Amino acid sequence: MRHSLGTIILKRTHFEKHSDFNNRIENRRKVFDDEIYIKMKALNYPLVKATDVVKEDFEYRGAKVETKGMRIEPFKLDNTHPYWHDKPCLIYKDNNVLIEGFKQAQVLTNSVVIEEGLPKKYESLYDSVSIDKENELIQMALASALVYDSTQKLLPIKKDLERPAWKFPRDYGITDYRKNYILCNRFLHLCELIAGLKLSQDRYTFEDAYFSVPLLRDEDLLQLQMRADLLLLSKESLPPLCSPDVTVRTELPDMFPMKCTISINEENLYKIENIYPVNRSTIFNKVHTAIIHFNETEVKNVYKTPVLETQTIGRSLMKAFAITAAQARYLYGEDVQVLPEPVVLQCIQTDAKYFHFSVFQLNTLAWPSKTDEIRNIFWSDSIIPAYEFGGYFEGRPTITSYNPEVFKKFLAFYMNY
C-alpha cells in the first residue's frame, strides 16, 4: 500500500504528539507508598539505606579462580615466533617486480633467449581453426568485462604528478581484478567452443593455484611464492621445443656491480616449503598454460615508480620459472638439478588491455657456475593491446581499435599440445 508524502508527515506528527503526551503523564505520576517500611520495622528486621550498602568497600573472600577463554593470543612478530629464523630469506611474491626487469629475471632463473618472438610452430596454429562470427563473439567478451558488468566499486585514487596536491573526485566502476577475471574466463570459454569437445576434455582449469619454491642464489636463500590466477592442466606434458644442448656456452646478462637479488624483500619470518598445488591422484597433473593477472592496485615497484615493460616481461619469466620448478620437483624429487626431461609452460600475462605471450622451457634448476652448462630457455612476444579504449563514451558503451591478433595467439596457446 502506498502513502503520499503528506500522509507520512502527518503520521510522524501524530506520533510525536502522542509520545510527548505520554511523557508528561509519566512525569506527574507519584511514587506509590506500599508501607513496606512500617511492616518490616514491626517485625524487628534491621533496615538500612541502599546507598549506605553501595558505598561500602566490598571484599570477596572466596577462592580466586583463573579462567581462560577460547581466544588464542596471536604470536608476536619477533624472535619468539615459531617461524622466526636468524638468517633472513629473500621472498619474491605476486606483488613484486624486479628493479632491473627482464635482465635480472634472466640471471635469477638461469634463462637465455635463443631467438626473438615465439617459436615458429605457433605460426601454423594462428588460423588453424575458426568459427562463424568469431570477431563478434570476441568483442562481446570484451564488452562483458569492460562495460556491461554490474559491479560498481570504489576505484583507486587518481593522482596527477604535475599537481600532486590536487584531489580528483572518486569514481565508481569495475575493478581491475574483476575485468581480468571476466575477460580471461570469457576467452577460455570461446577457446573451448572453437576447439571442440575432444580437445577441451583434455584441459582442466585451476583457479588461484599457489606455488612455493625455495632456491639458493649466491649463498642467499630465496623463496618464490607465486600464484597462477588461471592454470590450465593437461594429462600430458607439452613436448620440448628444442634440445637443452643449444644453450651450452650461452652467456647470461652481466649485472655487475649489483647482485641479482637486489630489490627483493628480506624477511626473518618464513617457512621453507615446496608446494605444487595439484593432487597426485588426479590425471590432470601436468601444467599447460598459466594465465597471470597484472592488477595495477597489487603489483608495484619498491620505490613506487611506474612498472616498466621490461619489468612486466621479467614478471612473466619469474612466474613461469616458479611454476615449472614446482612441477619438476613434484615429478623428479626436491633434490633434482638437471632435469631428465624438460618442462614446458605457456604463459599469458594481462591487465585486461595489454597481453604478453611467452613460452618457457625449464632444463635445469642448478645455479650457473660455468659457461658450458645448460640453461633454461625463454621465448617472448612483444606486449600487444587488445583494444584502444573500452568503456562508456558520451554515455554509450564503446570499444575502439579492436585487435584480433590477441585472441588468435590466445587460441593458439590453448590448441597447442
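Taken together, the values in this text are just the output of simple stated rules run on the coordinates, not laboratory data. Quick caveat, the model's predicted, so the values are computed rather than measured. Cβ atoms come from the backbone with ideal geometry, glycine included; neighbour counts cover every protein chain shown.
When +1 charges are put on Lys and Arg Cβ atoms and -1 charges on Asp and Glu Cβ atoms, the dipole computed for region 222-274 relative to its Cα centre reaches about 80 debye. Protection proxy ranking for 132-138, 13-19, using the average of other Cβ atoms within 10 Å per residue and placing the highest first: 132-138, 13-19. For the chain, modelled as a GNM with alpha-carbon contacts under 10 angstrom, which of V248, V299, V53 fluctuates the most? Between V248, V299, V53, it is V53 that shows the largest mean-square fluctuation. Past 25 Å, Cα to Cα, is the threshold; run K93/K304; K286/K353; K167/K319; K121/K408 against it and keep the listed order. Too far apart for the 25 Å limit: K286/K353; K167/K319.
Counted over region 227-301 with a bin width of 10 Å, the fraction of Cα pairs per bin, in whole percents, is 12, 22, 35, 29, 2.
Note on E136 and K17: the model spin-label points, each 7 Å out from Cα along the C-beta direction, lie 6.7 nm apart. Past the 17 angstrom mark, what percentage of all C-alpha to C-alpha distances in region 87-179 do you count? The share of Cα pairs beyond 17 Å in region 87-179 comes to 77 percent. Peptides 176-183, 300-307 ranked from most to least packed, by the mean per-residue count of other Cβ atoms within 10 Å: 176-183, 300-307.
Across region 181-191, computed HN-Hα scalar couplings (Karplus, 6.51 cos²θ - 1.76 cosθ + 1.60, θ = phi - 60°) run 4, 5, 5, 5, 5, 5, 5, 5, 5, 5, 4 Hz from first to last residue, x flagging Gly and Pro. Normalised by 2.2 N^0.38 Å, where N counts its residues, the alpha-carbon radius of gyration of the chain equals 1.52. P(r) tail, region 266-398: Cα-Cα pairs separated by more than 18 Å, 65% of all pairs.
Here region 84-415 is assigned +1 on the Cβ of each Lys and Arg and -1 on the Cβ of each Asp and Glu. Its dipole about the Cα centre then comes out at about 660 debye. With θ taken as phi - 60° and the Karplus curve 6.51 cos²θ - 1.76 cosθ + 1.60 applied, the whole-hertz 3J(HN,Hα) list for region 135-147 is 5, 5, 5, 5, 5, 5, 5, 5, 5, 5, 8, 9, 10 Hz, x standing for glycine and proline. Remark: region 407-415, residue by residue, has Karplus-estimated 3J(HN,Hα) of 5, 4, 6, 4, 5, 4, 5, 5, 6 Hz, where x stands for each Gly or Pro and the curve is 6.51 cos²θ - 1.76 cosθ + 1.60 at θ = phi - 60°. When each of the peptides 308-317, 216-225 is scored by the mean number of other C-beta atoms lying within 10 Å of its residues, the order from highest to lowest reads 308-317, 216-225.
Taking V344, V48, V147 in turn, the Gaussian network model of the chain (Cα-Cα springs below 10 Å) assigns the largest fluctuation to V48. Considering only H189, Y172, Q201, and ranking their Cα positions along the charge dipole of region 152-207 that arises from unit charges at the beta-carbon of Lys, Arg, Asp and Glu, the one farthest toward the positive end is Y172.
Comparing F256, S243, S212 along the charge dipole axis of region 84-415, the residue lying farthest to the positive side is S212, per the Cβ-charge model. For E251 and V338, FRET efficiency with R0 = 25 Å and r from the beta-carbon atoms, rounded to 0.05? The computed FRET efficiency comes out at 0.85. Most simply put, the chain has about 80% antiparallel DSSP beta bridges, counting only bridges with both residues inside it. Note on region 179-269: Cα-only Rg and Dmax are 19.3, 54 Å.
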